[in-house]
Amino acid sequence: MKLKNKVALITGGSRGIGKAIAERFIQEGAKVIICNRTKEKVQAAVQKLKNFGKEIYGEVGDLSVEQNVERIFEKANEKFGGINILVNAAGVCKAAKFEEISLADWHYVVDNNLTMTFLTCKHVLKYMKEKKYGKIINVSSIAGRFRSKLAGAHYSSSKAAIITLTRQLAAEVGKYNINVNVVCPGQTRTAMLEQFLNDDVEKSLKESIPLGYVALPEQQAEVILFLASEQANYVTGAAIDVNGGQF
């Protein structure tokens, strides 16, 4: 029970890596809030996650809008008396050649990856500073470390910025006993990845991964669980690559 009695808010917790994180956190004793902008997805995910434990509920809202972030965090605080852990697993991905990226698509990707991460980190701090304790884990990507093989520059740029945001924030809030880290997953078998895959693309991907296969969401969740636990209490400002050896 590594997270017993801890309160964790997970963005993007209704599917993919975020859902796998929610499952593990509940199993380890956390009280979990998941967020998504679609009510039906939140309700369906909460029902499935209740198979792992009862301390789970969902909130609906677009977290790239500051008022929604404030409202959701206030409700989570009222329900559980604080927020100890924040995991920013929500995000979007689009593929386009550089000169084909419209300004609207640029803003959409940056708002839903980088701006959302900024806003959730900003508004969780008052709850964490109050208790002088907190764990923030942001989810970037292998694309933020180098470039994307499948997506566009708007995606890789937003994910690279999340790494820098994490390190800046870690330096500012360490004195409050708040750890801030970022995980950089390689290609992971989620609905987001599946939209880009066919037999040839998957074969090429596997050949580029030293471990020889595409990651599962559960493998990313285990690393995030470690960063959320007391086992990682001297780790902050770190970017952890979980990519099967792709460098």
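How many of the residues making up the stretch 188-218 are modelled with pLDDT under 85, surrounded by fewer than 16 Cβ atoms within 10 Å (Cβ to Cβ) and in contact with a helix residue (DSSP H, G or I) (Cβ under 7 Å, 6 or more places away or on another chain)?
Number of matching residues: 1.
Just to be sure I understand, how many residues within the stretch 219-247 are surrounded by 15 or more Cβ atoms within 10 Å (Cβ to Cβ) and closer than 22 Å to Asn177 by Cα?
14
Is one or more of the residues making up the stretch 166-188 at positive phi and not small (Gly, Ala, Ser)?
Going residue by residue through the stretch 166-188, those that are at positive phi are 177.
Imposing the further condition that a residue be not small (Gly, Ala, Ser) reduces the set to 177.
The answer is yes; a qualifying residue exists.
Of all the strands (runs of 3 or more DSSP E) wholly in the stretch 21-129, which have at least 3 residues that are under 24 Å from Arg189 (Cα atoms), free of Cβ contacts under 8 Å to residues at least 60 places away in the same chain and among the charged types (D, E, K, R)? Walk me through it before giving the result.
Working: elements: 31-36, 56-60, 85-88.
Qualifying strands (runs of 3 or more DSSP E): none found.
If we keep just the residues of the stretch 8-25 that are of a type in the set (A, V, I, L, M, F, W, C) and farther than 13 Å from Gly58 by Cα, which is farthest from the chain's Cα centre (by Cα)? Give the derivation first.
Kept after step one, since they are of a type in the set (A, V, I, L, M, F, W, C), are these residues of the stretch 8-25: 8-10, 17, 20-22, 25.
Now drop any that are not farther than 13 Å from Gly58 by Cα, which leaves 17, 20-21, 25.
Numbers: Ile17: 8, Ala20: 11, Ile21: 9, Phe25: 13 Å.
Residue satisfying both the conditions and the ranking: Phe25.
Condition test on Arg71, is it within 22 Å of Asp111 (Cα to Cα) and either at pLDDT below 95 or surrounded by 24 or more Cβ atoms within 10 Å (Cβ to Cβ) (or both)?
Criteria not met by Arg71.
When you check Glu130 against the structure, is it acidic (Asp, Glu), surrounded by fewer than 15 Cβ atoms within 10 Å (Cβ to Cβ), more than 27 Å from Gly152 (Cα to Cα) and out of contact with any Cys (no Cβ under 7 Å at 6 or more places or on another chain), yes or no? Before you say what the answer is, go through the steps one by one.
Values: acidic (Asp, Glu): yes; surrounded by fewer than 15 Cβ atoms within 10 Å (Cβ to Cβ): yes; more than 27 Å from Gly152 (Cα to Cα): yes; out of contact with any Cys (no Cβ under 7 Å at 6 or more places or on another chain): yes.
Criteria met by Glu130.
What are the pairs with Cβ atoms under 7 angstrom where one residue, in the stretch 141-165, is more than 21 Å from Ser208 (Cα to Cα) and the other, located anywhere, is of a type in the set (Ser, Thr, Tyr) and crowded, with 19+ Cβ neighbours inside 10 Å? Sequence gap at least six, or different chains.
Going by the 7 Å Cβ cut-off, the qualifying pairs are Ile162/Thr117; Ile162/Ser140; Ile163/Ser140; Leu165/Thr117.
May I ask you to say which residue of Gly53, Gly91 is crowded, with 16+ Cβ neighbours inside 10 Å, modelled with pLDDT under 95 and either aromatic (Phe, Trp, Tyr) or farther than 19 Å from Ser157 by Cα (or both)? Outline the logic, then answer.
Numbers: Gly91 fails: either aromatic (Phe, Trp, Tyr) or farther than 19 Å from Ser157 by Cα (or both).
The conditions single out Gly53.
Within the stretch 148-187, restricting attention to residues that are over 19 Å from the mean Cα position of the chain (by Cα) and of a type in the set (Lys, Arg), which residue is surrounded by the fewest Cβ atoms within 10 Å (Cβ to Cβ)? Step through it out loud before you land on a result.
So the first thing to find is which residues in the stretch 148-187 are over 19 Å from the mean Cα position of the chain (by Cα), and the list is 149-150, 152-153, 171-177.
Narrowing further to those that are of a type in the set (Lys, Arg): 149, 175.
Values: Lys149: 16, Lys175: 9.
For the stretch 148-187, the residue satisfying everything is Lys175.
Cβ-Cβ below 6 Å, separation at least six or inter-chain, first residue in the stretch 227-247 and over 16 Å from Asn138 (Cα atoms), second surrounded by fewer than 19 Cβ atoms within 10 Å (Cβ to Cβ): which pairs?
Partner pairs satisfying both residue conditions: Gly244/Ile209; Gly244/Leu211; Gly245/Pro210; Gly245/Leu211; Gln246/Ile209.
Please give the number of the condition Ala170 fails out of (1) among the hydrophobic types (A, V, I, L, M, F, W, C); (2) closer than 30 Å to Leu103 by Cβ; (3) in contact with a Ser or Thr (Cβ under 8 Å, 6 or more places away or on another chain).
All conditions are met except number (2).
Of everything in the stretch 24-40 that's touching a strand residue (DSSP E or B) at 6+ places or on another chain (Cβ under 9 Å) and within 24 Å of Ala215 (Cβ to Cβ), which residue is modelled with the lowest pLDDT? Lay out the reasoning, then the answer.
At the first step, the residues of the stretch 24-40 found to be touching a strand residue (DSSP E or B) at 6+ places or on another chain (Cβ under 9 Å) are 25-26, 30-39.
Narrowing further to those that are within 24 Å of Ala215 (Cβ to Cβ): 25-26, 30, 32, 34-36.
Values: Phe25: 97, Ile26: 96, Ala30: 97, Val32: 97, Ile34: 96, Cys35: 93, Asn36: 89.
So the residue we want is Asn36.
Anything in the stretch 22-50 that is of a type in the set (S, T, N, Q), over 18 Å from Asn5 (Cα atoms) and either surrounded by fewer than 16 Cβ atoms within 10 Å (Cβ to Cβ) or in contact with a His (Cβ under 8 Å, 6 or more places away or on another chain) (or both)? List them, or say none. Step through it out loud before you land on a result.
So the first thing to find is which residues in the stretch 22-50 are of a type in the set (S, T, N, Q), and the list is 27, 36, 38, 43, 47.
Then drop every residue that is not over 18 Å from Asn5 (Cα atoms), which leaves 36, 38, 43, 47.
Of everything in the stretch 22-50, those that are of a type in the set (S, T, N, Q), over 18 Å from Asn5 (Cα atoms) and either surrounded by fewer than 16 Cβ atoms within 10 Å (Cβ to Cβ) or in contact with a His (Cβ under 8 Å, 6 or more places away or on another chain) (or both) turn out to be Thr38, Gln43, Gln47.
The values are calculated or read from the model by the stated rules, or taken from the named source; none is laboratory data. In this text, all values refer to a predicted model and were calculated from it rather than measured experimentally. Methodologically, a virtual Cβ is constructed for each residue, glycine included, from the backbone with ideal geometry; neighbour enumeration extends over all protein chains shown.
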